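First the structure, in the form of structure tokens, and then the observations on it.
Only the coordinates and a few stated rules stand behind these numbers; no lab work does. Keep in mind that this is a model prediction, so the values were computed, not measured. Note: ideal-geometry Cβ built from the backbone for every residue, glycine included; neighbour counts use all protein chains shown.
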Amino acid sequence: MAPIIQFKNVSKSFGINRVLGSMSLDIISGETLTIIGGSGSGKSVTLKLLLGLIMPDEGEIFFEGKKITMMSEEELVAMRAQIGMLFQGAALFDSLTVFENVAYPLMEHYNYPDEKVREIVAEKLELVGLPGIETMYPADLSGGMKKRVGLARAIATNPEVILYDEPTTGLDPANTNRINELILELQERLQVTSIVVTHDMASAFKVSNRLALLHNKKIEFVGTVEEIQRSRNQMVQNFIRGEIGET
């Protein structure tokens, strides 16, 4: 099966700080792939490169066979409509209601009538287990509820790919489990490709089909949960034991 997303020998620096160097990774349609790695290893930069928010210094990135680095701004906007993202802090707009937050990508990418927008927002809030909260504001929500509203916004456009940037950070065990279950449920119900960035190994093992270890500016290991748990690669074992931190 051809990958839906490909990174080919991608390098990226910010000033003198080289974050990625000749990094390559294939992501298969319909899978949940989790990128693990220490703080500062380039995990979030990888997501920004995929979205075309920043461009690589070297290498190529492909989405559905099309080279992101060659896309016009209009093509990038159209591509982003196919990619939903749950940001680390949910990144809700405090001055907007839950309805307005979830409806935001619909208003940005499509010219739907008001009634259809209301139907879609209600459907997505139902999917994440928060029906009927459209009139609430982010200040009224718990941390776990904010994450789920952020997830409802991420799936509002029925994307082909969902990006999760540290989806369980700051959550208690009950809400961590709830978010993990939602990742699994949405993959099954919506048939999406999911890319998860996390340092939470328990969550990574629960939601992933495959894991990719990003270390020393490139992907050092890719494998299934079983393969990574059984790996004799010392770097993999060090990370699982929490011995790889800042890079």
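Working out 0.36 nm times the residue gap between Glu126 and Phe14, then minus their Cα-Cα distance, what length gain in nm do you get to one decimal?
Computed gain between Glu126 and Phe14 is 36.2 nm.
For the chain, what is the charge dipole size about the Cα centre, in debye to the nearest 20, if Lys and Arg each add +1 at the Cβ and Asp and Glu each add -1 at the Cβ?
740 debye
Taking neighbour Cβ counts within 10 Å as the exposure measure, how do Val102, Val117, Val10 sort from fewest upward?
Val117, Val10, Val102
Using the number of other C-beta atoms within 10 angstrom as an exposure proxy, rank Tyr110, Tyr137 with the fewest first.
Result, fewest neighbours first: Tyr110, Tyr137.
Can you return the lysines within cross-link range of Lys217? Criterion is Cα-Cα under 22 Å, with same-chain partners fewer than 8 residues away left out.
Lys8, Lys12, Lys43, Lys48, Lys67
Along the charge dipole of the chain, pointing to its positive end and built from +1/-1 on Cβ of Lys, Arg, Asp and Glu, which listed residue (Leu184, Gly15, Ser95) has its Cα farthest out?
Comparing the listed Cα positions along the dipole, Gly15 ranks first.
What is the fewest-to-most order of His215, His109 by other Cβ atoms lying within 10 Å of their Cβ?
His109, His215
Is it possible to state the helix-based mean residue ellipticity at 222 nm for the chain, with each DSSP H run of 4+ residues giving -39500 (n - 2.57), the sum divided by total residues, to the nearest 500 deg cm²/dmol? What is it?
Result for the chain, helices only: -11000 deg cm²/dmol.
Mind checking the full-extension length gain between Glu73 and Tyr104? Use 0.36 nm per residue of separation minus the Cα-Cα distance, one decimal, nm.
Once the chain is fully extended between Glu73 and Tyr104, it gains 9.2 nm.
Please identify the longest segment of the chain free of exposed trypsin sites (Lys or Arg not before Pro), where exposed means a DSSP state other than H, G, I, E or B and no more than 12 other Cβ atoms within 10 Å.
Segment 1-231 is the longest.
Net charge around Thr198, counting only other residues with Cβ within less than 9 Å of its Cβ (Lys, Arg = +1; Asp, Glu = -1)?
-2
Does anything in segment 7-41 have its amide N under 16 Å from the 7 Å Cα→Cβ label point of Asp57, and if so which residues?
In segment 7-41, the label zone of Asp57 (backbone N under 16 Å from the point 7 Å along Cα→Cβ) covers 9-24, 41.
If you count the DSSP beta bridges with both ends in the chain, what percent of them are antiparallel, to the nearest 5?
Numbers: 21 of 38 bridges.
Close to 55 percent.
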